[in-house]
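Presented below is the structure to which this report refers.
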Amino acid sequence: MAETVQQLLFKLLLGTGALFLVGWLTGCSSPAYTLTPDPTPYVRYSPTEYFLYLPSSYTPARGWPLFVGIHGFGHDGRQCLHMWQEYAEKESFVLVCPSLADENGGWYVDVGERTLRKIIQQVRKEVRAQDRFFLVGFSAGAEFVQGFAFDHPEMLTAVAILSSGNYYEPSLEARGIPFLVVIGDQDNPISLQNANAFVDLLREGKYAIDFHLLPGVKHEITRQAEELTIAFYRQVYRITSDDQ
């Protein structure tokens, strides 16, 4: 007997519903967390090149602190990896180092922010990480991390701004994020002036701010700046752990 139009439509709806249910269940499945510690580290090339280092103590049994470093103008993720890989092992955090620069050595902030968000999404599929991450940048990267913090404060635990040349007006939405600002007293005079003005704005707005002016230091990353960043990281994550 030929099927009526109503019967055909009913079968079609059932089939569509089944497909939708399968898709929904697939989308809700847990991430695989497939990666194991790798000292090389892992390298990915989409949506852009980035380096992913897992400390030797990593296991997918818990959510790990995620530490994201942004390089300066003319560099790539290797600069970040060189700075922070040693600390990632000692402090037991997952390190992500994207290469955001284009062929001219710089990048557009909006493009960089979209790319970083995609990278974090991909990392979370392979690595078990905490919901928010620690973000640090040097020079042009330090300018970038400000913009990211003010645009996406809900994604961050804290922000470290190392030797930025320019500074943004703080966003009220980011008031809950602790900030570290480090710059050498021999850096560009305009950068120094901007840094002080930025810190004043944060203090006036009742932000949590840790400011260090390094004597005799030019526009560079020193071991002292690295250690100040790690001390800031420890303090933030100690407070975070105590609050949980």
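The values are calculated or read from the model by the stated rules, or taken from the named source; none is laboratory data. Everything numeric in this text was worked out from a predicted model, so none of it was measured. No Cβ is skipped: glycine too gets one built from the backbone with ideal geometry, and neighbour counts run over all protein chains shown.
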Only residues in the stretch 90-110 that are at positive phi count as the first member; pair them with residues that are at pLDDT 80 or above, Cβ under 7 angstrom, at least 6 apart or cross-chain, and list the lot. 92/55; 92/57; 105/73; 105/74
In this structure, does residue 70 turn out to be crowded, with 18+ Cβ neighbours inside 10 Å and under 21 Å from residue 165 (Cβ atoms)? yes
Out of curiosity, is residue 159 of a type in the set (Val, Ile, Thr), closer than 16 Å to residue 69 by Cα and either assigned by TED's automatic domain parsing to the domain that holds residue 233 or assigned to a strand (DSSP E or B) (or both)? yes
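To keep it simple, each residue is scored yes or no on (1) surrounded by fewer than 22 Cβ atoms within 10 Å (Cβ to Cβ); (2) assigned to a helix (DSSP H, G or I).
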position: 134; (1), (2): no, no
position: 148; (1), (2): no, yes
position: 169; (1), (2): yes, no
position: 183; (1), (2): no, no
